[in-house]
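First the structure, in the form of structure tokens, and then the observations on it.
Derivation of every value follows stated rules applied to the coordinates shown; laboratory data play no part. The shown structure was predicted, so the numbers you read here are calculated from the model rather than taken from an experiment. Because the Cβ atoms are built from the backbone with ideal geometry, glycine has one as well, and the counts that use them run over all protein chains shown.
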Amino acid sequence: MEFKIAYKGDATILAELRKQQLIDEGQTPNINIDHELKNYFLSILSNNSSTVWIATDNNIAIATGSVCFFQHPPSYSNPTGKIAYIHSVYTATEYRRQGISSRILTKIMKEVEKRNCKVIQLKASDDGKFVYEKLGFTAYDGYMILKI
């Protein structure tokens, strides 16, 4: 198994993983969103606002996780104002419960620390909550949040 940071050439693969994630979470694929997803991933991979990890097994993409960085005004609870938002964490069904998402999230958290960001937010699926809780996230106002 290999873990790597995605680049623009991975946009189509990331779009496919995202579509499967949405389907697995119960959404109906009633419209074609290929173009929008590919453009989204091309955009975030071009402007340094995000880092996306991909896990592969025998050169087949099996898992992913993304983090976007936002600048909010500084506050007493977040003096830097920097917020990291984790999204699109997904592992193919046959690879779940092997710690792959946890490994991706650990890599994401190192990137967050490197960028001197002190707050991480995410929306967790019911299936994913235990993974985030295991890493120290707690529920807060509809989000899962980890303050570093």
Under the Karplus relation with 6.51, -1.76 and 1.60 and θ = phi - 60°, whole-Hz ³J(HN,Hα) for region 2-7, x at Gly and Pro, equal 10, 10, 8, 7, 6, 10
Order of Y132, Y95 from fewest to most other C-beta atoms within 10 Å?
-> Y95, Y132
Once the Cα atoms of helix 11-24 and of the chain are each reduced to a long axis, what angle between those two axes, in degrees from 0 to 90 to the nearest 10, is obtained?
-> 90
Amide H neighbours of T80 under 5 Å, counting only residues 5+ apart in sequence or on other chains, H built in-plane at 1.01 Å?
-> S75
Whole-Hz Karplus ³J(HN,Hα) for region 75-87, in order, using 6.51 cos²θ - 1.76 cosθ + 1.60 and θ = phi - 60°, x for Gly and Pro?
-> 9, 5, 8, 8, x, 7, x, 7, 10, 9, 10, 8, 8
Radius, Kirkwood style, for region 1-77 when every pair of distinct Cα atoms is counted (Å) = 13.8
Can you put S102, S75, S43, S50 in order of Cβ neighbours within 10 angstrom, beginning with the fewest?
-> S75, S43, S102, S50
Which distance in nm do the two modelled labels at N58 and S125 give, with both placed 7 Å along the Cα-to-Cβ direction?
-> 2.4
